[in-house]
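Since the structure comes first, as structure tokens, the remarks are kept for the end.
FYI, it's all coordinate maths here, none of it is from the lab. Computed from a predicted model, the values in this text were never measured in an experiment. Counting neighbours? That spans all protein chains shown, and the Cβs are built from the backbone with ideal geometry, glycine included.
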Amino acid sequence: MQLWGAEQAQAHAEEVFAVYGAVFGDQPDERKWRAELFDRHCARDGFRLSAALDDDRLVGFAWGTSASAASTGPTGSSSRCRGR
């Protein structure tokens with residue numbers, strides 16, 4: 001397992017897309033997938049991708065952002081639900 005930041009994840013985007021496609025199969029076009037999903041997620045503060053490797057071949061992954069970074073929406077305002 002390796003932990004990649006956004007820059008390293010984007011450098012391996014073709015490999016990530018191949019695994020994503022094998023698992024989900026809902027994005028036939030890599031450019032569209034990158035523009036609408038992957039690159040947008042990579043741009044979020046605190047983005048990390050956990051890469052599962054077999055030798056040097058990507059065989060699985062999970063990605064997300066840190067809790068503090070995920071607590072703000074795209075405009076920087078809080079997107080958490082507030083109780084009454």
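So here's what we get for this one:
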quantity: The stretch 23-47, subset among the hydrophobic types (A, V, I, L, M, F, W, C) and within 15 Å of Gln8 (Cα to Cα), residue surrounded by the fewest Cβ atoms within 10 Å (Cβ to Cβ); calculated: Ala43
quantity: All positions within the stretch 1-31 that are assigned to a loop (DSSP other than H, G, I, E, B) and under 15 Å from Val59 (Cα atoms); calculated: Met1, His12, Phe24
quantity: Considering residues of the stretch 1-35 that are within 14 Å of the chain's Cα centre (by Cα) and β-branched (Val, Ile, Thr) only, the residue nearest to Asp45 (Cα to Cα); calculated: Val16
